[in-house]
Amino acid sequence: MSSQRDKPFFVGYLPIPKQLVAFLGVFAVCFVAGLGLAALALSSTQDDPGDGAFQWGAPFEETGFLELRPYPVFRTTGAEGGAPKTYMLTGQGKRGVFDQARENQGVAVTVRGVPVKRGDLTMVQVGGVTQVEDAEGAFDMSEPVPLGRWRLSGEICDGKCYAGAMRPGRGLAHKACADLCITGGIPPVFVSTGPVAGRNFFLMTDANGNVMGDEIKDLLALYVEIEGDVERLDDLLVFKADMDTARVLR
Amino acid sequence: MKRAHRVAHARIWTILAFALPLALFAVLALRQTVPLDRPPVLISAPEGEAVQ
Amino acid sequence: MSVKYAPVLWNRNKYLYDAVLLAGVIGYIYLYTSVGPFYQDVTRPIDGAVLRMRAFGSCAFLMLTIILCIGPLARLDRRFLPLLYNRRHFGVLTAAVAAVHANYVLGWYFNFSPTDRYVALLSSNTSYGQVLGFPFETLGIAALLILFILAATSHDFWLSFLGAPLWKALHMLIYPAYAFVVLHVALGALQGPDDPVFTSVVAASVLLVGGLHFAAGRAEMAADNYQADASSEVEALEQGGWIVVCDVGEIESNRAKVVSVPGHDRVAVWKYKGKLSALSNACAHQNGPLGEGRIIDGAITCPWHGYQYQPEDGRSPAPFTEKISTYRLMLVGTTILLDPNPQAPGTYVEPVVIGEAS
């Protein structure tokens with residue numbers, strides 16, 4: 001106990017003993033500096049969320065047809081004789097555009113909105129849909145081209161956040177958000193580790209081409225392996241995932 | 001004899017001091033990495049044509 | 001020591017404590033959200049909301065780590081005791097920082113949806129049956145609720161209202177809260193792309209907090225197992241239930257010797273002004289280790305928050321009203337003996353005069 005004799009004794013409401021002032025001063029400096037260093041180390045090493053973003057500077061306005069395949073898509077002949085294009089669609093926030101697509105099936109419409117773009121994945125956030133009165137008849141829409149049955153590895157994302165509505169917009173920390181988006185009607189997108197016909201992104205449907213149900217909930221945001229038929233719809237690939245073959249990768 | 005809260009304290013930390021690092025490292029060991037070694041595999045080509 | 005409850009009884013040391021605390025937290029958030037991004041290697045900036053939720057979340061985690069280290073550090077090295085003095089302000093600020101983190105999560109991942117954000121928080125991810133993909137948000141909510149409860153009951157009013165044992169038990173919920181937070185981070189943030197820095201920080205936190213508590217626990221056990229050498233002269237008294245404390249020379253003036261009494265609380269035997277008195281080792285305030293305190297101006301002073309007691313009767317000097325148990329002592333030769341049966345708190349016990357024995 002004799003070692004305690006010279007030890008300073010701190011009482012909260014009395015001045016700090018002289019011997020403790022230096023110790024506590026050093027501790028205070030270490031505390032503030034340590035937290036500062038930790039902040040810089042943690043903040044500066046954040047992972048790159050990629051180049052996905054809303055293209056606010058390049059608003060979308062094109063004329064074409066809305067279809068349900070089974071998620072709402074917008075099909076155009078392509079600008080000035082270019083190749084036909086098929087766009088995935090989303091509403092404002094975490095909402096899909098099933099209602100607008102149903103109301104305007106079979107008629108030419110002009111869709112206005114904001115593209116959300118990440119590499120060659122483009123999703124259009126629909127702002128307005130107006131029917132075109134003097135449309136020059138129906139476009140000649142192609143039917144899907146089958147590309148065979150594939151086994152794909154990758155992640156099921158919600159198409160909007162992954163495209164860049166959120167940065168980062170994938171991964172397990174984002175799982176609940178992806179669930180909320182897909183439940184709200186935003187198409188699920190399969191992000192493959194490698195390309196099929198030059199594309200890494202697939203609009204996902206179930207094996208029969210219907211809207212995905214609760215069966216993907218537990219697999220969202222995980223790296224999974226799934227088999228299914230792949231089809232090409234203009235420039236968009238559709239993955240008809242056979243969820244019975246799905247397994248989580250180790 | 002220790003007071004009740006000190007007994008509880010000792011028990012909680014005897015468990016936590018071992019269980020918490022174990023749980024943390026177990027969860028970290030399960031962490032998935034991008035399966036770049038698994039490219040898409042064509043299982044059956046569509047009728048009458050080969051892809052790629 | 002209080003006769004009435006003010007929101008906070010401020011003094012200079014508390015101001016200093018809180019100033020350092022705030023400087024640390026504000027500096028952390030500023031550097032994380034405003035300076036760190038300049039050094040990020042990103043194609044496009046990370047969303048502001050995501051960056052802020054990471055800043056506040058990691059800050060709360062580090063704060064909780066430090067809070068949990070203060071207790072065992074103070075037991076292993078008494079120079080850390082001043083950090084314990086105002087730890088409750090540290091805790092309240094941690095709860096606030098964690099709440100800001102949660103608010104950014106609610107306002108980002110669970111916003112912009114037709115579903116109410118609180119409903120979405122609980123209903124969107126329900127994969128409770130799996131480890132990867134587990135709704136780690138739930139663990140964060142549990143920890144945050146605990147932090148809220150502890151912050152709300154941190155005031156001495158609640159300590160007095162609930163009583164020290166219940167209050168202590170309630171505030172031990174901080175340990176499960178820490179476990180929840182570690183799992184919340186491990187199943188959420190650490191499952192993202194490889195992040196060696198944050199992974200190391202979390203691993204270091206777990207090893208440090210666990211290791212320090214384990215070491216402090218071992219030190220406590222060693223103290224409990226201490227046995228004084230019994231001399232033949234006092235064996236008869238020992239058989240009568242008296243306990244050998246130590247030789248009178250082993251206690252320094254104005255200090256105490258702490259004795260572990262089988263079946264009872266620890267007892268502190270004090271030496272002062274050539275006299276000996278024995279009192280409970282547990283402070284009436286928060287069960288602080290009184291025997292590690294000192295006698296200042298004739299009063300036993302707790303090392304945690306400075307609560308004071310008169311050595312003869314275990315009562316706080318007027319106008320304060322705290323009382324602790326007292327014990328009877330006997331001096332045989334130079335050996336101090338203790339009757340382990342406590343007197344009612346505040347009972348006067350005539351001090352043993354050491355006389356020439358010392």
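We did not get these values from a lab; they are worked out from the coordinates using the rules stated. What you see is a predicted model, and the numbers here were worked out from it, not measured in a lab. Here Cβ is always computed from backbone atoms with ideal geometry, including for glycine, and neighbour counts include all displayed protein chains.
Before moving on, here are some points about what is shown:
- Net charge in the neighbourhood of residue A:238 (other residues with Cβ under 9 Å of its Cβ; Lys, Arg +1, Asp, Glu -1) is +1.
- Helical contribution to [θ] at 222 nm, DSSP H n ≥ 4, -39,500 (n - 2.57), averaged over the protein assembly as shown, rounded to 500: -11500 deg cm²/dmol
- Difference of contour (0.36 nm per residue) and Cα-Cα distance, residue C:273 to residue C:221: 15.6 nm
- For the stretch A:69-75, 3J(HN,Hα) per residue [Karplus equation, 6.51 cos²θ - 1.76 cosθ + 1.60, θ = phi - 60°, Hz, x = Gly/Pro]: 10, x, 7, x, 10, 10, 10
- Measuring nothing but how far apart in sequence close Cα pairs (under 8 Å, 6+ apart) lie, relative to its length, chain C scores a relative contact order of 13 percent.
- Exposed loop sites are taken as GluC sites (Glu not before Pro) in a DSSP loop (any state but H, G, I, E or B) with at most 14 other beta carbon atoms within 10 Å; the longest stretch of chain A without one runs A:1-132.
- A Cβ-based charge dipole, computed about the Cα centre of the stretch A:53-131 with Lys and Arg at +1 and Asp and Glu at -1, lands at about 280 debye.
- When the Cα positions of A:98, A:76, A:129 are compared along the charge dipole of the stretch A:73-178, A:98 comes out farthest toward the positive end, with charges on each C-beta of Lys, Arg, Asp and Glu.
- Residues A:45, C:65 arranged by fewest to most Cβ contacts within 10 Å: A:45, C:65
- 22 Å tail of the calculated P(r), chain A, as % of Cα pairs: 61 percent
- Per-residue ³J(HN,Hα) for the stretch C:37-52, Karplus 6.51 cos²θ - 1.76 cosθ + 1.60, θ = phi - 60°, Hz, x for Gly and Pro: x, 5, 9, 6, 9, 10, 5, 10, x, 5, 3, x, 5, 5, 4, 5
- Of all lysines in the structure, those lying under 29 Å Cα to Cα from residue C:257, and not within fewer than 8 positions of it along the same chain, are A:7, A:18, B:2, C:168, C:271, C:273, C:275, C:323.
- Given charges at Cβ of Lys, Arg, Asp, Glu: the stretch C:12-223 dipole, positive-most of C:178, C:112, C:24: C:24
- Rg/Rh for the stretch C:232-353 (Cα atoms only, Rh after Kirkwood) is 0.95.
- Counting charges near residue C:100 (Lys, Arg +1; Asp, Glu -1) among other residues having Cβ under 15 Å from its Cβ returns a value of +2.
- √(5λ) per eigenvalue of the Cα gyration tensor, chain C, largest first, Å: 50, 21, 18
- Structural descriptor for the stretch A:53-131: relative contact order 36 percent, calculated from alpha carbon pairs under 8 angstrom and at least 6 residues apart.
- Footprinting exposure proxy for A:167, C:44 (fewest neighbouring C-beta atoms within 10 Å first): C:44, A:167
- Legend: mean number of C-beta atoms from other chains within 10 angstrom of residue C-beta atoms, peptide C:202-213, equals 4.
- For residue C:332 and residue B:11, a Förster radius of 25 Å and the Cβ-Cβ distance give a FRET efficiency of 0.05, rounded to the nearest 0.05.
- A simple charge model with +1 on the Cβ of Lys and Arg, -1 on the Cβ of Asp and Glu and nothing else charged puts the dipole of the stretch A:145-248 at about 380 debye relative to its Cα centre.
- Loop-located chymotrypsin sites (Phe, Trp or Tyr not before Pro) across the stretch C:67-104 with a Cβ neighbour count of 14 or fewer within 10 Å are lacking, with loop assigned by DSSP.
- Taking amide H atoms as placed 1.01 Å from N in the peptide plane, the amide H of residue C:296 lies under 5 Å from those of C:301, each 5 or more residues away in sequence or on another chain.
- Using bins of 10 Å that start at zero, the share of Cα-Cα pairs per bin across the protein assembly as shown amounts to 3, 14, 20, 18, 13, 11, 8, 6, 4, 2, 1, 0, in whole %.
- 3J(HN,Hα) from dihedral phi, the stretch C:334-346, Karplus parametrisation 6.51/-1.76/1.60, rounded to Hz, x for glycine, proline: 10, 9, 8, 10, 10, 8, x, 7, x, 7, 4, x, x
- Distance between the stretch A:96-112 and the stretch C:283-302 - C-alpha centres, whole angstrom: 77 Å
- Over the stretch A:70-205, the ratio between the Cα radius of gyration and 2.2 N^0.38 Å evaluates to 1.09.
- Between the amide H of residue A:242 and those of A:227, A:228, A:229, distances stay under 5 Å, these residues lying 5 or more places away or on another chain, with hydrogens modeled in the peptide plane.
- Amide H within-cut-off set for residue A:127, under 5 Å, with H built and near neighbours excluded: A:112, A:113, A:114
- Across the stretch C:1-118, the fraction of Cα-Cα pairs farther apart than 20 Å, rounded to a whole number, is 56%.
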